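Since the structure comes first, as structure tokens, the remarks are kept for the end.
The values are calculated or read from the model by the stated rules, or taken from the named source; none is laboratory data. Not measured: the values here are computed from a predicted model. Cβ coordinates were reconstructed from backbone atoms using ideal geometry, including for glycine residues, and neighbour counts include every protein chain displayed.
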Amino acid sequence: MTTTTITSLPNELLEGIAAAVPETERTLSHICRRLRIVMLGTPALWTHAAVDLHVKGSVEIFELYVARSQECTISAILQLRSVLKDESTRDLVAERLRQIVRHIDQIWRLRVVGGGQLMIDSFRDLAAPNLRRLEVVKLGHYSWGGAKLFLGGAPKLTFLELHDLRLELPIPRWAASLTHLELRHDREELDGNSETLDEILVQCPLLVYLHLDIGAMKVQRQFHIPSLKSLFLVVSGHDDTFDWLATIDSFDTPSLTEFAIDGLHGDHIFELCNCRSFPRASFAALTSFCFVNRCACHCETSIPFPDIDTTSHPPFGLFPALSSLTLVNECFAPNLLRGLVVPSSDIWPVLGTVTLTAGATAAEGVRGAVLDAVRSHQQHGLPLPRFRLAPALSSPEDWEGHGIEVEKFEPAEVLDVFRVC
């Protein structure tokens, strides 16, 4: 049996093998020696290292992993969650950082959590020839300014995820190679100031995946990103003056297939899906629309639902390839379903999948809208979409009597994409 085979065996099988072996002291000692030889002689087992910079001995353990990983590149997590209360502690942590960053050539994935400016500045002027993935998470009890990272170059970097941290201008040259970018920010820091965001997106022409927390920020430029496949926007926290349609129109993404928005209200969603034209943007390849509200919204009690005629102009006219619609915790959910998913003619666009969850007050209305959708599809001879419903809506007794099969889904599947670290 090879080393690779041994290390890939499931725990249950290993336990069974161990249980079948005579438990003599000599046998167990032999097994332990063999296991140690296998582990020490397998560099791939030493390629993930986590370091708490506040813990004594953490650097020595990290260097042990570096040595035993041999020629393999490693994934490293550096964290400092506790507050540096005095200068001596700060100096100690700074020295530990210096010992770690000298191994930057061997790191392919780096996750930095906390530590404030001390942590960020340690990577300012470095070159990281093998770094492909970088994640930086700010913690609230640390003071952070802007970040300048790896000014010496990171030619292989394709994945960047920043939490509550902004890159300082000018944007590093390695941004041009990014294919995956996530900027997850505090809305308070960014509202009304999009200069850095505009500059970052201009410098990233190869993006395939983009996640932006833009709040109510006014995007100043038009972004032509022909390679982009997935776009996730967080626009929560905006007021009535926020031009959400102009923000969406800023993204000219002809290859986009997946578009998810957190914070857009139900009336806005209905207007977007029934929009007749975009001055600049194109969503010809879009197959999946997802709308999420992480916070409960009750605006339907004070705002009227838009009165848009969908009889002569069915929805989704600007999204000809659309096949999947997801609504999670959206206000006006029953109205949205009747306006978007209940056909009123034989030329109504047919969706392949409709995924739904709704608050307790809207549950009955959503059930009624789904039944209306089924009857209307049958009446017009259209194929039924597949309905994926949250547990509160997917009780079998609600649907079996109507001959409808529904699939249960957990809202966390969608909400986790917009998690706040």
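List of remarks:
For (1) within 32 Å of the chain's Cα centre (by Cα); (2) farther than 21 Å from LEU264 by Cα, each residue gets a yes or a no:
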| position | (1), (2) |
| --- | --- |
| LEU382 | no, yes |
| LEU393 | yes, yes |
| GLU397 | no, yes |
| GLU400 | no, yes |
| LEU415 | yes, no |
| ARG419 | yes, no |
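- For segment 80-122, the tally of residues that are of a type in the set (Val, Ile, Thr) and in contact with a strand residue (DSSP E or B) (Cβ under 6 Å, 6 or more places away or on another chain) stands at 4.
- Taking each residue of segment 326-342 that is touching a residue at least 40 places away in the same chain (Cβ under 8 Å) and looking for partners that are in a helix (DSSP H, G or I) and of a type in the set (Asp, Glu) with beta-carbon atoms closer than 7 Å, six or more apart or interchain, yields CYS331/GLU300; PHE332/ASP267; PHE332/GLU300.
- Of everything in segment 364-389 that is among the aliphatic types (A, V, I, L, M) and surrounded by fewer than 20 Cβ atoms within 10 Å (Cβ to Cβ), the residue that is farthest from ILE347 (Cα to Cα) is LEU371.
- Considering residues of segment 72-92 that are in contact with a helix residue (DSSP H, G or I) (Cβ under 7 Å, 6 or more places away or on another chain) and not basic (Lys, Arg) only, the residue nearest to VAL136 (Cα to Cα): LEU78
- Matching option when the condition is small (Gly, Ala, Ser), crowded, with 16+ Cβ neighbours inside 10 Å and not assigned by TED's automatic domain parsing to the domain that holds ASN335, among SER255, SER227, SER288, SER236: SER236
- Whether a residue is at pLDDT below 75 and farther than 22 Å from LEU264 by Cβ was assessed, and GLU199 does not pass this test.
- Residue pairs meeting the criteria (Cβ under 8 Å; at least 6 apart or on separate chains; first small (Gly, Ala, Ser), in segment 84-113; second at pLDDT 90 or above and outside any helix (DSSP H, G or I)): ALA94/SER122
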